[in-house]
Amino acid sequence: MSASSYSIFGLLSSLLLASLFDLVQLPSELLPFRPHFVVLILIYWLLFVPAYVGVCSAWLVGLWVDALRGDVLGVHATGFALMGYCVFLLYQRLRVFPIWQQAAVIGLLIAMQMVSTRTLLGLAGRSVSESFGYYWPALTSAFIWPVCANLMHRWRRVQ
Amino acid sequence: MRNSLPGYRLLMMMILSATLLVLRERAFMQEVRFALGYIVDPVLYIADWPQQLLIWRQEHWVTRDTLQKNNATLRQEVLLLSRHVEKMAALITENERLRALLHSSERLSEKVVIAEIIGVDADPYRHEMILDQGKNVGIQEGQTVLDADGLIGQVIHVNARTSRALLVTDPVHAVPIQINDKGIRGIAVGSGLLDKLYLTDVPNTADIQIGDLLVSSDIGGRFPFGYPVAKVTLVNHDAGKPFARVEAQPLSKLDRIRHVLILMREQSDLALDVEPSE
């Protein structure tokens, strides 16, 4: 596997699958803990093929999430683009980190994206949670990152 | 030089986002969102497949015994309901005659569409659900969503084949209500919990009791009059505060429903349906 092997099919299919994982109905007890799969997959591509997937792609994925969630266009896109930029600044270091350290940084990045999205959602007049429970997905996403990265490596190797 | 490029891109994207957010109410932005809906709808349907499978399993792997039992209870219910309908027919004609005598406007007859819930919002703090009917059957923003027990929300976004409804319990939702037999008016605001609504600005002297039925009111022109919304569960008169603290519980089990009714009223009717006051 070359470090920057990239196919548009691999990218789109993984994002689509992640979108489905984000939308599938769960028992209400589990709902607050669902990881943000689309964001994880996006970070994976930002991290490992930075030559192709960058700030603009992140913004487009954000727009897709806005459309899926029925939000005002631009709410998720802004946060995703910001996060994309941060990953760009960090990717060289992040790639050599041990996996758990990687996971911690990615958790923080996702939390940052959630802060920005939540602020904009509030401004757009949608209801947002006031409790810290809102940030559970950042933690669960960090925990699931190693599995996710591993599966994505395999998926890229298949193509 | 090469490293500064993403910085400029970020700036460009931020400007683009800001433009989108500022122009969000424009007609052409609504059209863009509607066009995106054509791609989004299939994904929403596919995301519901696991749930469909679960339901299919529940419906098909049933013992003969349970089916017979269900059948018997349903028969009884039909009998009871048809008795109500018989009485209703007489009441409706009588009501219409009286309204004609009072010269008040005729009530619009309302068409309903049955929709299935194919998803709930991924964010547990947002009480929104995705319905499997959209513009193709004439659903519009602002239409009222009901279930068998009463009013549960309104449509806030319409795609070609799906639509999104906001539940009465969402913290940003408010529904004008009236206490059924007493005529006290108020506003029921969502609490963020599926079994609680708050009644705001109820005077301490208002005659509200636990168990009072709240029905929707057509003040504001958004909702039709007379659909049950909630039952009062708590009334707390605090002499030191100008308003009483009143809580109510929605009549429908909002986490259990699978099918809803959408009241088809044209957007133009929504504003005109307010009756002249005495």
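Could you grab me the full set of residues in the range B:57-71 that are among the hydrophobic types (A, V, I, L, M, F, W, C) and exposed (fewer than 10 other Cβ atoms within 10 Å of the Cβ)? Walk me through it before giving the result.
Of the range B:57-71, the ones among the hydrophobic types (A, V, I, L, M, F, W, C) are B:61-62, B:67.
If the condition is that a residue be among the hydrophobic types (A, V, I, L, M, F, W, C) and exposed (fewer than 10 other Cβ atoms within 10 Å of the Cβ), then B:TRP61 is the only one that fits.
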For this session: Find all pairs meeting these conditions: Cβ atoms under 6 angstrom apart; at least six residues apart or on different chains; first residue within the range A:121-138 and under 23 Å from A:ILE106 (Cα atoms) and facing chain B (nearest Cβ under 9 Å); second residue buried (at least 16 other Cβ atoms within 10 Å of the Cβ) and among the hydroxyl-bearing types (Ser, Thr, Tyr).
Result: A:SER129/B:TYR125
Problem set entry | Which listed residue is at the interface with chain A (Cβ under 9 Å from one of its Cβ atoms), touching a helix residue (DSSP H, G or I) at 6+ places or on another chain (Cβ under 6 Å) and among the aliphatic types (A, V, I, L, M), from B:VAL40, B:VAL32 | B:VAL40
For this session: State whether the residues of the range A:69-86 include one that is closer than 30 Å to B:PHE34 by Cβ, touching a strand residue (DSSP E or B) at 6+ places or on another chain (Cβ under 6 Å), surrounded by 15 or more Cβ atoms within 10 Å (Cβ to Cβ) and modelled with pLDDT under 95.
Result: yes
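How many residues are surrounded by 14 or more Cβ atoms within 10 Å (Cβ to Cβ) and part of a helix (DSSP H, G or I) if we restrict to the range A:123-138?
5
Does B:LEU44 satisfy being within 26 Å of B:ALA148 (Cα to Cα) and either basic (Lys, Arg) or modelled with pLDDT of 90 or more (or both)?
Details: within 26 Å of B:ALA148 (Cα to Cα): yes; either basic (Lys, Arg) or modelled with pLDDT of 90 or more (or both): yes.
When the stated conditions are applied, B:LEU44 passes them.
Can you give me the ranges of the helices (runs of 4 or more DSSP H) entirely in the range B:1-105 with at least 3 residues that are over 30 Å from B:GLU141 (Cβ atoms)? Lay out the reasoning, then the answer.
Working: elements: B:5-22, B:27-47, B:49-60, B:64-101.
Qualifying helices (runs of 4 or more DSSP H): B:5-22, B:49-60, B:64-101.
Matching residues to (1) surrounded by 15 or more Cβ atoms within 10 Å (Cβ to Cβ); (2) within 14 Å of chain A (Cβ to nearest Cβ); (3) more than 24 Å from A:SER127 (Cβ to Cβ); (4) under 16 Å from the mean Cα position of the chain (by Cα):
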position: B:VAL189; (1), (2), (3), (4): yes, yes, no, yes
position: B:ASP207; (1), (2), (3), (4): no, no, yes, no
position: B:ASP238; (1), (2), (3), (4): no, no, yes, no
position: B:ALA244; (1), (2), (3), (4): yes, no, yes, no
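The values are calculated or read from the model by the stated rules, or taken from the named source; none is laboratory data. In this text, all values refer to a predicted model and were calculated from it rather than measured experimentally. Here the Cβ is made from the backbone with ideal geometry for all residues, glycine too, and neighbour counts use every protein chain on show.
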